[in-house]
Amino acid sequence: MKERWRFVFKILIPVVLFLLPFFLPLFEYGFNFEALLLVTPIAFAVLAGFFIATATTNYLNLQTLVAEEDATLISVYNLSKLIDPERAERVAEAIDQYLMKAFDFQFSEYTDFTITEFDPIIESIDAIQPVSPTPVQEAVLPYLHELKSGLFKTRQIITLTAPRIVLGSHWFILGTLAAANVVLLFGLRNGSLILNVVLGLTSIAMYLVLVILYEIDGDLFQEENMAYLNSQKVFRAIGRLSYFPADAIKQGRVQKKHLPSRYRIGIYKNFPKSLEKEVKIVG
């Protein structure tokens with residue numbers, strides 16, 4: 001279903017918009033619409049520009065926060081292994097389960113639905129205690145708990161940063177302005193091939209502005225790097241095979257060229273009714 005909608009929004013609609021000026025019959029407006037052609041594009045540009053700038057800022061902040069969380073998890077494991085090698089395996093297992101569960105959700109919601117998997121990370125960190133502490137172990141133990149506190153802070157900020165900024169009422173205004181621009185522009189047609197091409201491309205451009213805004217605001221822009229590839233460094237750091245949801249590979253959200261020679265995949269048993277999955281090793 002996702003592939004079908006991706007085809008509709010990314011290919012079919014732009015093609016239809018480009019062809020409309022060629023196939024719609026010529027028509028003229030019975031009023032002076034040139035003034036509207038000055039107002040509506042400016043209103044659309046200002047509003048869309050504002051939302052794109054705001055959404056981009058949030059998106060870049062989210063990228064930083066996700067990278068910070070991944071780096072903190074790696075540091076937590078490395079310090080745990082330095083302080084208490086025997087219990088560090090519990091930390092690695094908790095991190096592994098947490099990241100695999102996080103892949104089941106979008107950035108806008110994963111912190112709310114991974115509390116059950118996040119708590120064991122904290123519990124395993126609290127259990128870290130050196131048996132016969134060396135000066136180095138005693139020195140880094142407070143830093144380990146400082147990193148633990150940082151995880152809470154990072155997750156809380158992600159919760160506030162990830163949700164969408166553009167709401168339904170905003171989309172209605174943007175869509176209305178974009179449609180008004182297209183309709184008014186079509187009144188300029190005079191049968192010229194070049195003008196039809198320009199109008200078709202202009203219509204596509206306004207539509208793609210909305211698509212880009214949707215992807216940035218929904219944290220879908222460069223989803224592969226932010227959602228999947230960055231976290232693979234954590235898996236490697238804690239001594240686990242890379243993990244990818246099978247659907248992400250099937251739908252092209254993870255390109256096959258980025259897959260290692262040996263990795264794990266999660267196959268849902270009854271999606272979307274259940275997020276229960278079977279983890280298999282490939283390669």
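The values are calculated or read from the model by the stated rules, or taken from the named source; none is laboratory data. In this text, all values refer to a predicted model and were calculated from it rather than measured experimentally. Cβ coordinates were reconstructed from backbone atoms using ideal geometry, including for glycine residues, and neighbour counts include every protein chain displayed. Note: areas computed on protein heavy atoms with side chains; ligands, DNA, RNA excluded. Shrake-Rupley method; radii C 1.70, N 1.55, O 1.52, S 1.80 Å.
Data for the structure
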{"quantity": "Rounded to 5, the percent of DSSP beta bridges in the chain classed as antiparallel", "calculated": "60"}
{"quantity": "Angle between the chain longest axis and helix 135-161 axis [Cα atoms, degrees, rounded to 10]", "calculated": "20"}
{"quantity": "Degrees separating the helix 193-217 axis from the principal Cα axis of the chain, which is the longest one", "calculated": "30"}
{"quantity": "Summed side-chain charge close to Pro120 - residues other than Pro120 whose Cβ falls under 13 Å, Lys, Arg +1, Asp, Glu -1", "calculated": "-3"}
{"quantity": "Cβ charges +1 (Lys, Arg) and -1 (Asp, Glu), total dipole of the chain, debye", "calculated": "1000"}
{"quantity": "Approximate spin-label separation Ile122-Val136, in nm, with each point projected 7 Å along Cα-to-Cβ", "calculated": "3.0"}
{"quantity": "Accessible surface of the stretch 101-163 [probe 1.4 Å, protein heavy atoms]: carbon and sulfur percent", "calculated": "59"}
{"quantity": "Distance histogram for the stretch 2-143 (every C-alpha pair counted, 5 angstrom bins, percent rounded to whole numbers)", "calculated": "2, 7, 10, 11, 11, 10, 8, 7, 6, 6, 5, 5, 4, 3, 2, 2, 1, 0"}
{"quantity": "Given [x] 158; [y] 174; [z] 128, the label whose value is volume of the Cα convex hull per residue in Å³ derived from this model", "calculated": "[x]"}
{"quantity": "Net dipole in debye of the stretch 1-116 [+1 Lys, Arg Cβ; -1 Asp, Glu Cβ; about Cα centre; nearest 20]", "calculated": "380"}
{"quantity": "Sparse-neighbour loop sites [chymotrypsin sites (Phe, Trp or Tyr not before Pro); the stretch 34-108; at most 15 other C-beta within 10 Å; DSSP]", "calculated": "Phe105"}
{"quantity": "Selection from Leu99, Thr64, Thr54 lying farthest towards where the dipole of the stretch 5-113 points positive, charges on Cβ", "calculated": "Thr54"}
{"quantity": "Long-range HN-HN contacts of Ser242 with modeled amide H, under 5 Å", "calculated": "Arg264"}
{"quantity": "The chain: relative contact order as a whole-number percent, Cα under 8 Å and 6+ apart", "calculated": "27"}
{"quantity": "Spacing of the two label points (7 Å from each Cα toward its C-beta) at Leu259 and Ala35, in nm", "calculated": "6.1"}
{"quantity": "Two-site FRET efficiency, Arg236 against Phe27, from Cβ-Cβ distance with R₀ of 45 Å, rounded to 0.05", "calculated": "0.15"}
{"quantity": "Extension gain from Val279 to Glu93, taking 0.36 nm per residue of separation minus the Cα-Cα distance", "calculated": "65.5 nm"}
